[in-house]
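Presented below is the structure to which this report refers.
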Amino acid sequence: HGTWPIETAEARGGLAIGDRWLSYSAEASPNDVDWEAFGIDLVLECTGKFKSMAALAPYFERGAKKVIVAAPVREPEVLNVVMGVNDSLYDPAHHDVLTAASCTTNCLAPVVKVVHEGIGIEHGSITTIHDATNTQTVVDAAHKDLRRARSSLMNLIPTSTGSATAIGIIYPELQEKLNGMAVRVPLLNASITDCVFEVKRETSPEEVNGLFRKAAEGELAGVLGYEERPLVSTDFVNDARSSIVDGLSTMVVDGTQLKVISWYDNEYGYVCRMTELAQKVARGLKEARAAAD
């Protein structure tokens, strides 16, 4: 993503970032930090280590009021939020733990929203061609997943993804109607999701692309993009949108089998949605504080 242009240095036991100063701690457990003493209401849990209500409980025991997890949390009381798709469901009075889902779910969900609400989806499958992540190894090494044990530098690696099944949380009528897999590739950034849907009525690439174009210019602006230039993956590095449909690749077979591919910066795009969700939750905390005063 390049070099950050703002000077950062350790200062007075914290971090000086430009003209701002921030305190920091280095603890192994959320229970070891007094969040209330630091004045922290909202925690962004980005370690990937605490993904259950039991594991997240120490945040609240030590004074935090809201936690947003940067990974899927598969428990019924946790609100699974995809910004631009179902963030209106957030209720500050009832939701203390939220998950921003995964980068691939954030790519897939706007595509599903447009197709399902505009045409209707019977069932489907997705394959995400996904860049390497830190769950993989540089050279062959021990790993509980024997495929992820292989070198990420020189292999195409089939593996799992929960992004398609997570859509069933957002659209209950699609529960067990979508599934998918990932293929990890030896690239650092910018991925692509290949979606194949059986839709409820006959359609055409022109109609489908028209729906995506309208959504990208309207209600999903800033989240969904639509592109007809012949671009490749590096053209989408540092793209802030969650999902950019490649209009040149849209296909329809026999009237009702639809193929859509959509690009995404699996790092920066996801970070942008996390930031927006944090702002939404912070506004709710501020309003609650003002009402209490």
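Quick one: Gly222 ticks every box in (1) touching a residue at least 24 places away in the same chain (Cβ under 8 Å); (2) in contact with a helix residue (DSSP H, G or I) (Cβ under 8 Å, 6 or more places away or on another chain); (3) of a type outside the set (A, V, I, L, M, F, W, C); (4) on the phi > 0 side of the Ramachandran plot except a single one, so which number is it?
For Gly222, the exception is condition (2).
Just the residues that are modelled with pLDDT of 90 or more and polar (S, T, N, Q), please, taken from region 24-77.
Ser29, Asn31, Thr47, Ser52
Which residue pairs have Cβ atoms closer than 6 Å, lie 6 or more positions apart in sequence or on different chains, and pair a first residue in region 261-272 that is within 14 Å of Asp235 (Cβ to Cβ) with a second residue that is assigned to a helix (DSSP H, G or I) and of a type in the set (Val, Ile, Thr)?
Ser262/Val111
Working only within region 166-180, note down all residues that are under 15 Å from Pro110 (Cα atoms) and surrounded by 19 or more Cβ atoms within 10 Å (Cβ to Cβ).
Correct list: Ala166, Ile167, Ile169, Ile170, Leu174, Leu178.
Condition check: of a type in the set (A, V, I, L, M) and farther than 24 Å from Thr275 by Cβ. Does Leu174 satisfy that?
yes
Pull out all pairs, ordered by first then second residue, where Cβ-Cβ is under 7 Å, the residues are six or more apart or on different chains, the first lies in region 227-245 and is touching a residue at least 60 places away in the same chain (Cβ under 8 Å), and the second is part of a loop (DSSP other than H, G, I, E, B) and loosely packed, with under 14 Cβ neighbours inside 10 Å.
Asn238/His1
May I ask you to list pairs of residues, at least six apart or on different chains, whose Cβ atoms are under 8 Å apart, with the first in region 1-22 being in contact (Cβ under 8 Å) with a residue 12 or more places away in the chain and the second being small (Gly, Ala, Ser) and outside any loop (DSSP other than H, G, I, E, B)?
none
Among the residues in region 111-125, are any modelled with pLDDT of 95 or more, hydroxyl-bearing (Ser, Thr, Tyr) and buried (at least 24 other Cβ atoms within 10 Å of the Cβ)?
First, the residues of region 111-125 that are modelled with pLDDT of 95 or more: 111-125.
Right, trim to hydroxyl-bearing (Ser, Thr, Tyr) and you get 125.
If we keep only those that are buried (at least 24 other Cβ atoms within 10 Å of the Cβ) too, we end up with none.
Scanning region 111-125, I find no residue that is modelled with pLDDT of 95 or more, hydroxyl-bearing (Ser, Thr, Tyr) and buried (at least 24 other Cβ atoms within 10 Å of the Cβ), so the answer is no.
Return a yes/no flag: does region 4-23 have any residue that is at pLDDT below 95, surrounded by 13 or more Cβ atoms within 10 Å (Cβ to Cβ), in a loop (DSSP other than H, G, I, E, B) and hydrophobic (A, V, I, L, M, F, W, C).
No, every residue in region 4-23 fails to be at pLDDT below 95, surrounded by 13 or more Cβ atoms within 10 Å (Cβ to Cβ), in a loop (DSSP other than H, G, I, E, B) and hydrophobic (A, V, I, L, M, F, W, C).
List, please: which pairs have Cβ atoms under 9 Å, are six or more places apart or on different chains, and start with a residue in region 110-124 that is closer than 19 Å to Tyr270 by Cα and end with one that is among the polar types (S, T, N, Q)?
Final answer for the pair search is Pro110/Ser242; Pro110/Ser243; Pro110/Ser262; Val111/Thr193; Val111/Ser243; Val111/Ser262; Lys113/Asn86.
The values are calculated or read from the model by the stated rules, or taken from the named source; none is laboratory data. Predicted, not measured: the structure shown is a model, and the values here were computed from it. FYI the Cβ positions are ideal-geometry reconstructions off the backbone, even for glycines, and counts take in every protein chain you see.
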